[in-house]
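Notes to accompany the following structure.
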Amino acid sequence: MRFLNPISPIKVFFSIVVALFGVYLLTQGTMFGLIILGVSARLALREGAEVEVFEKRYRNLYSVWGVTVGNWKPLPDIEYVSVFKTVKNYRARVITAEANMGKTVFRINLFYQTNKHITVYETDTKEDAMHKANGLAKALEIEVYDAATED
C-alpha cells in the first residue's frame, strides 16, 4: 500500500512553470538553470511511505514528478495503527517580518515495540486519515486507535 502526502495544485503549477524556466535558462547556456530546477523539484516533492504486507517490508518515499525513491526496510511486528491530530508548524517570512504559523493535520502511525512508530501518512482531513488507516489495519489484521477526537 502506497501513501503519498498530497500537495496543492497551485504548487504543482508553480513547479512546472519554474521547471520550464530552468530548462530555458539551461538552453541559453547559464548554469543558474540547475538551481532553478532544484527549486522546482523541491516544490513538487511529495513524501510518504509504502508498506508491502506480504513481503513484510516498508520504505519512506520521496517522489518528484512521478519518480519515486526510497530504501526498503524490514517491517517490524506492528501492534496497532493510530490516527492522531497534531499541529504542523511552519515559518512564513516576508522581507523584514517573520511569523510562526500552524496548521492542523492528521497523521497515521504504525506502532511497534510499545512506543516506537513509523509515520506513513499525513492529511488535512480526519475522514481521509481514517479511511486509509482502516484499509491498512485490515491488510495488517490489527486494530485502529482513533486519537484524533475533536476538542
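The values are calculated or read from the model by the stated rules, or taken from the named source; none is laboratory data. Nothing here was measured: the structure is a model prediction, and the numbers come from that model. Here the Cβ positions follow ideal geometry from the backbone for every residue, glycine too, while neighbour counts run over all protein chains shown.
Give me the residue from segment 18-34 that is in contact (Cβ under 8 Å) with a residue 12 or more places away in the chain and closer than 21 Å to S63 by Cβ and, out of that set, surrounded by the most Cβ atoms within 10 Å (Cβ to Cβ).
G22
From Y112, Y145, Y121, Y90, which residue is closer than 17 Å to G48 by Cβ and hydroxyl-bearing (S, T, Y)?
Only one candidate qualifies: Y121.
Within the group N115, N109, which residue is over 15 Å from V144 (Cβ atoms), in the same structural domain as A148 (by TED's automatic domain parsing) and free of Cβ contacts under 8 Å to residues at least 60 places away in the same chain?
The match here is N115.
Being in the same structural domain as E52 (by TED's automatic domain parsing), surrounded by 10 or more Cβ atoms within 10 Å (Cβ to Cβ) and under 20 Å from the mean Cα position of the chain (by Cα): is that true of G135 here?
No; evaluated as a whole, the condition is false for this residue.
Residue under question is F13, and the condition is that it be among the aromatic types (F, W, Y), closer than 26 Å to E122 by Cα and not assigned by TED's automatic domain parsing to the domain that holds T125; does it hold?
Considered against the rule, which asks whether it is among the aromatic types (F, W, Y), closer than 26 Å to E122 by Cα and not assigned by TED's automatic domain parsing to the domain that holds T125, F13 comes out as yes.
Suppose we filter R42, R46, R57 for residues that are touching a Leu at 6+ places or on another chain (Cβ under 8 Å) and over 30 Å from T149 (Cβ atoms); which single one remains?
R57
Pairs needed: first member in segment 71-96, acidic (D, E); second member anywhere, modelled with pLDDT under 85; C-beta distance under 8 Å; at least 6 residues apart or different chains.
Pairs found: E79/T114.
Which of the residues belonging to segment 135-151 are in a helix (DSSP H, G or I) and touching a residue at least 40 places away in the same chain (Cβ under 8 Å)?
Within segment 135-151, G135, L136, A137, A139, L140 meet the criteria.
Only one of (1) out of contact with any Pro (no Cβ under 9 Å at 6 or more places or on another chain); (2) hydroxyl-bearing (S, T, Y); (3) closer than 29 Å to A129 by Cβ fails for Y58. Which number is that?
(1)
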